[in-house]
Amino acid sequence: MNSKKMSEREACIRPLAEKGIADAQFSLGEMYENGIDGLPEDGSQAKKWYEKAALQGHAEAQYALAWLYDEGEKIPENTDKAIYWYTKASDQGHSMAHLGLGVLHEQGLGIPQNYALAARHFLRAAEANLSMAQLWLGRLYEKGLGVPKDDELAAYWYRRSAENEDNDGQVALARCYEQGIGVPQNIHTAMDWYAKAAALGNEKAQVKIGKKA
């Protein structure tokens with residue numbers, strides 16, 4: 001360790017992490033990932049400490065490690081390892097891990113494309129009220145990919161996403177009202193949802209209500 005003075009938080013957490021306390025290892029990994037509390041942003045150190053906690057079954061660390069491998073910005077991208085750690089975390093009910101697996105299955109990234117598995121993972125995350133998962137699940141129902149085509153369920157999940165302030169979900173729900181997909185056609189309600197999305201910066205919605213993108 002270098003001679004720089006440790007922050008109060010690091011001085012508290014590092015000894016615990018070095019003793020093998022998983023929560024402390026996870027916290028130290030977060031500090032390195034985000035470059036906070038006096039530590040430099042360091043992906044390799046973040047990976048090191050996340051992995052120590054993940055190997056002890058720490059679900060948050062498993063997800064964080066999977067995301068590092070999936071994103072591939074702070075450490076080299078490795079989809080196989082991302083899938084492995086997302087799966088470990090999802091087995092413990094981690095909703096964001098279910099979302100990550102859903103996206104990989106839906107897009108066929110590093111694994112065969114499988115809409116049915118994507119839908120299962122999106123459902124688990126959507127039931128945990130993750131707006132992005134609700135949006136993805138709505139799309140699968142609207143297109144009939146991996147699930148029976150069901151416009152009413154598509155609109156239902158778009159609404160859940162929209163009510164959680166996801167501007168893409170708001171646009172999807174607005175389109176349902178505009179075109180009568182799974183809900184009675186209602187242009188006024190459609191424009192209300194487009195306006196909500198536009199206020200959150202959604203360019204498609206801004207175009208719809210006549211604003212410049």
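The values are calculated or read from the model by the stated rules, or taken from the named source; none is laboratory data. Keep in mind that what you see is a predicted model, and the values were worked out from it rather than measured. Ideal geometry is used to build each Cβ from the backbone, glycine not excepted, and the neighbour counts take in all protein chains shown. Keep in mind that these areas ignore ligands, DNA and RNA; they rest on the heavy atoms of the full protein, side chains included. Shrake-Rupley method; radii C 1.70, N 1.55, O 1.52, S 1.80 Å.
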Inset, instruction - Being free of Cβ contacts under 8 Å to residues at least 12 places away in the same chain and on the phi < 0 side of the Ramachandran plot is the filter; apply it to the range 132-149 and report the residue that is least open to solvent (accessible area, probe 1.4 Å). - result: P148
Legend entry - Residue within the range 161-170 that is in contact with an Asp or Glu (Cβ under 7 Å, 6 or more places away or on another chain), open to solvent by 10 Å² or more (accessible area, probe 1.4 Å) and acidic (D, E) present: no
Inset, instruction - Determine if the range 184-192 includes at least one residue that is in a loop (DSSP other than H, G, I, E, B), on the phi > 0 side of the Ramachandran plot and touching a helix residue (DSSP H, G or I) at 6+ places or on another chain (Cβ under 7 Å). - result: no
Inset, instruction - Select, from L65, L101, L55, the only residue that is more than 23 Å from K19 (Cα to Cα), modelled with pLDDT of 95 or more and either of a type in the set (A, V, I, L, M) or in contact with a strand residue (DSSP E or B) (Cβ under 7 Å, 6 or more places away or on another chain) (or both). - result: L101
Inset, instruction - Enumerate the helices (runs of 4 or more DSSP H) found wholly within the range 1-95, keeping only those where 1 or more residues are surrounded by fewer than 18 Cβ atoms within 10 Å (Cβ to Cβ) and of a type in the set (D, E). - result: 8-18, 22-34, 59-71, 79-90
Inset, instruction - Those residues that are open to solvent by 50 Å² or more (accessible area, probe 1.4 Å) and either hydrophobic (A, V, I, L, M, F, W, C) or in contact (Cβ under 8 Å) with a residue 60 or more places away in the chain (or both), I need them from the range 112-127; list them, please. - result: L117, L123
Legend entry - Lone qualifier among L39, L117, L65, L99 - being more than 23 Å from M132 (Cα to Cα) and not charged (D, E, K, R): L39
Legend entry - A162 vs. criteria farther than 26 Å from S44 by Cβ, in contact with a helix residue (DSSP H, G or I) (Cβ under 7 Å, 6 or more places away or on another chain) and free of Cβ contacts under 8 Å to residues at least 60 places away in the same chain: yes
